[in-house]
Structures are given as structure tokens and as C-alpha cells.
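Asks: Before I ask anything, here is the structure I am working with.
The values are calculated or read from the model by the stated rules, or taken from the named source; none is laboratory data. The structure displayed is predicted, hence computed values, not measured ones. When we count neighbours, we look across all protein chains shown, and the Cβ atoms used for this are built from the backbone with ideal geometry, even at glycine.
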Amino acid sequence: MGVMVRALARLRRRGLALAACLLVGAFAVGPAFAQVSLGFYAHGSSAPNDKRMHLPHAVIRLYGVIPDTRATLDEHYEFQPALPPVSLLPVNTPGTLVTNPGPPNSNEYFEIPLSDETYAKIANLIAYWRSPKGSTYNLYKRNCVDFVAAVAEAVGLDVPPNFRTKPAKFMEDLTRRNAATLARAPGVTRAGVTGGLSSAGRATTVATAGGAR
């Protein structure tokens, strides 16, 4: 009788352990997060912490730990013309997707965490915009704002149809359109609608004059 009781106790303990494993497995189901964040930046005719005049610009930043390789990432990406004088004409010209380390000297509007799947999607999108087929630049039809808009669409944001030559206006509208989604999503950092955080982390006022780079 004692042997049977001990056997039943062992089975009960094994059953509880199995149930615990199943419970952990259930919570593990779903998108795995890559520990990479995506930041959206823009500025008008001047950049934060720099009194020189700049062309209006829109930029994205990726930072965190890359899945698979576990390498540390902190870079910003900006699409711009490869031939600046020619790019002022309303024609298609060669473009280039420039990568620089760290945060850009621009106003941050918000940042969102990426799942492994979404990070891979963004990495493929960046590769396409670097390719000969995907690097065509047009000041009025395919500029820095269009690159940022493509990234925003890839992560499921509601992208504004207007302001393609006004990066700051575009970013303000992008933030407004997705305010409810950003408020609900975990891990989202918002810097505000009419002002952003500069790369140095200070509050700034977003300028809206001029056109896009």
C-alpha cells in the first residue's frame, strides 16, 4: 500500500511539472522580440545643436541586439541624392542610402520595439533601397520621406499620403495618425507631436519650413 501511495505521489509531481512546462510554453508562443528598437526622426531647415542651415530631412535609427548574431547595433539611415545639384530637377537621379553610427542630429518623434520578424523585414527593405533597382531618387516623388514612409508602412503604421517634401510635417502627421496605436503598444517611447528629442536628448521645437532632402 505504501509503495502505491509513493508511486501516485511521484506521478502527481510529474503531472504538475508537465503542466508548468505547458504553461510556460503557452506564454512563449507569439512574436519573439529582437531587442532592436526603431526610431523615427525629422527636422526642418535647421538641425538640433547646429546653427548651420540644413536641408529638411527624415531619418530612421535602429539600435539594440540583432537576432541570430547577437551583435550590438546602433546606426541611423538616411536616403539622399548621390548627385545633389542634379537632384533639384524634377527627374529621377541616382540615390544612396547612407548609414552612420549612433543617433542622428535630428528630432526624435517616437521609437518602437521590433519583433524578430519585423526586424528582418526592415533589414530586407534597407537592402532593397541600397540596391541599384531600389536606390532611384526623385526630390518630389522618392526622397528621404518616402524611405521613412516605406519603413513606417512595413511596421504596420498608418502612413500620411501628404507632406512628402516636408519631413517634419510628415512626422507630425505620422505621430498623430498612430497616436492610439502607439499608446497601446508596449515599449513605445513618444517624444511628442509638435516637438521632439534631439540626439542629445534635449527637448527641441520642430521646424517645418522648406522641402525634403
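Each row is one residue, and each column tells you yes or no for (1) crowded, with 17+ Cβ neighbours inside 10 Å; (2) touching a strand residue (DSSP E or B) at 6+ places or on another chain (Cβ under 6 Å); (3) at pLDDT 90 or above.
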| site | (1), (2), (3) |
| --- | --- |
| 36 | yes, yes, yes |
| 49 | no, no, no |
| 64 | yes, yes, yes |
| 68 | no, no, no |
| 75 | no, yes, yes |
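Asks: Within the range 66-102, can you find the residues that are among the polar types (S, T, N, Q) and more than 27 Å from residue 120 (Cβ to Cβ)? Talk me through it step by step, then tell me what you get.
Replies: If we filter the range 66-102 for residues that are among the polar types (S, T, N, Q), which is where we start, we get 69, 72, 80, 87, 92-93, 96, 99-100.
Those that are among the polar types (S, T, N, Q) and more than 27 Å from residue 120 (Cβ to Cβ): 87, 92, 93.
Asks: With (1) assigned to a loop (DSSP other than H, G, I, E, B); (2) within 19 Å of residue 39 (Cβ to Cβ) as the list, and residue 162 as the residue in question, which single condition is left unmet?
Replies: (2)
Asks: Among 59, 91, 98, which is the only one that is at pLDDT 85 or above, assigned by TED's automatic domain parsing to the domain that holds residue 160, surrounded by 10 or more Cβ atoms within 10 Å (Cβ to Cβ) and in a loop (DSSP other than H, G, I, E, B)? Spell out how you get there, then give the answer.
Replies: On the way: 59 fails: in a loop (DSSP other than H, G, I, E, B); 98 fails: in a loop (DSSP other than H, G, I, E, B).
Going through 59, 91, 98 in turn, just one is at pLDDT 85 or above, assigned by TED's automatic domain parsing to the domain that holds residue 160, surrounded by 10 or more Cβ atoms within 10 Å (Cβ to Cβ) and in a loop (DSSP other than H, G, I, E, B): 91.
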